[in-house]
Amino acid sequence: MHNSPMHDAAPGLDPVAPADGSAPDAPRTPRYRPVLSFVQRSSRLKDRQQRTWDALAPLYVIEPPRVDAKTSVQPDFRFDPEVAFGRSAPLVVEIGSGQGEAVAHAAEQHPETNFLAVEVYTAGVAQTLQRIRQRELTNIRIVQANAVEVLTTMLPADSVDELWLFFPDPWHKAKHTKRRLVTPAFMDLPARVLRPGGVWRLATDWADYARQMREVIGADERFTADLHAPRFDGRVLTSFERKGLAKDREIADITAVLTAD
Ligand SMILES: C[S@@+](CC[C@H](N)C(=O)[O-])C[C@H]1O[C@@H](n2cnc3c(N)ncnc32)[C@H](O)[C@@H]1O
């Protein structure tokens, strides 16, 4: 049984008042205003990054049709891993892959596995492309898109073997915590894309976000969680984690296995 007591909004989305001015309790089709877990940053690249982008993006970057924002994904677009990778293999998806340190390392270590990196930040995608080139990797694809949309519609249901969320933006100010990805409303998304038995791995260096992740994931009966997991040895030390450690922050690892129905 699915236990999600703390929410009634769609994942990552906030209800807003109806545009037609009708009473809030009148029957209506709900409209939603997205609460984003990121802010748009400059998409300008250095010359070298641009050259790498131009050479490699056609091979490695999935370009979904967009709705409006360049990080959006048209809801009717479906990612076909077999077509994108040219083979059938286990699929690992990393949300917020940043500079691509973790995903490039893992792809090099596991040539038998397909990796999809999901990142909104243009310079991060460019850095990931550079790592792909340096290591001559063939088993990574990148999509520059809002992970909420990727998980809601772009990825087929039950298609992902592992989902990674390492050091998501902590949004530490009280007025910003609603931007955090891991909320009760978000839980339908890993539950949708993971195959039964699939693993969701998370890490954070922010104590209050670790507390929130444990509370939210621990309350969801679709998952069997280790809320104080040992460090995942497939996770390399990224520059982001290094900064947290330099500030004496404790790193929390969490794993959650989607239980079979
Ligand atoms: C704090 S960084 C961590 C990066 C990397 N995982 C690491 O450990 O170094 C968080 C990353 O998540 C990305 N991000 C935030 N919200 C996202 C979303 N909804 N979809 C895709 N990427 C997102 C940000 O652009 C940023 O690169």
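Selection of segment 111-136 for residues being assigned to a helix (DSSP H, G or I), more than 10 Å from the ligand (Cβ to nearest atom) and among the aliphatic types (A, V, I, L, M) yields A126, L129, I132.
Per-residue answers, yes or no, for (1) open to solvent by less than 40 Å² (accessible area, probe 1.4 Å); (2) among the small types (G, A, S); (3) under 28 Å from V182 (Cβ atoms):
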{"position": "V39", "(1), (2), (3)": "no, no, yes"}
{"position": "D47", "(1), (2), (3)": "no, no, no"}
{"position": "R66", "(1), (2), (3)": "no, no, yes"}
{"position": "A89", "(1), (2), (3)": "yes, yes, yes"}
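Cβ-Cβ distances below 9 Å connect the following pairs, each with a first residue in segment 155-168 that is farther than 14 Å from F232 by Cβ, a second residue that is within 8 Å of the ligand (Cβ to nearest atom) and part of a loop (DSSP other than H, G, I, E, B), and a separation of six or more residues or different chains: P168/S37; P168/G96; P168/L181.
Among the residues of segment 70-114, the ones that are closer than 19 Å to R135 by Cα and among the acidic types (D, E) come to 4 in all.
Return yes when V93 is part of a helix (DSSP H, G or I), open to solvent by less than 20 Å² (accessible area, probe 1.4 Å) and among the β-branched types (V, I, T) and no when it is not. Against the criterion (part of a helix (DSSP H, G or I), open to solvent by less than 20 Å² (accessible area, probe 1.4 Å) and among the β-branched types (V, I, T)), V93 does not qualify.
Scanning segment 219-261 for residues that are of a type in the set (S, T, N, Q) and over 22 Å from T113 (Cβ atoms), we see that the one that is most open to solvent (accessible area, probe 1.4 Å) is T224.
The conditions of being within 11 Å of the ligand (Cβ to nearest atom) and part of a loop (DSSP other than H, G, I, E, B) are met by A145.
Residues in segment 210-222 that are touching a residue at least 24 places away in the same chain (Cβ under 8 Å) and either out of contact with any Leu (no Cβ under 8 Å at 6 or more places or on another chain) or within 16 Å of the ligand (Cβ to nearest atom) (or both): A210, Q212, M213, V216, A219, D220, E221. Considering segment 223-258, the residues that are touching an Asp or Glu at 6+ places or on another chain (Cβ under 6 Å) and either free of Cβ contacts under 8 Å to residues at least 12 places away in the same chain or in a strand (DSSP E or B) (or both) include one that is nearest to D188 (Cα to Cα), namely T255.
If you check W200, W171 for being part of a strand (DSSP E or B) and aromatic (F, W, Y), only one passes: W200. Between D261, D169, the distinction of being among the acidic types (D, E) and modelled with pLDDT of 95 or more belongs to D169 only.
The values are calculated or read from the model by the stated rules, or taken from the named source; none is laboratory data. Because the structure is a prediction, the values reported are computed rather than measured. Note: ideal-geometry Cβ built from the backbone for every residue, glycine included; neighbour counts use all protein chains shown. For the accessible areas, the whole protein counts, side chains as well, though only heavy atoms, and no ligand, DNA or RNA atoms are used. Shrake-Rupley method; radii C 1.70, N 1.55, O 1.52, S 1.80 Å.
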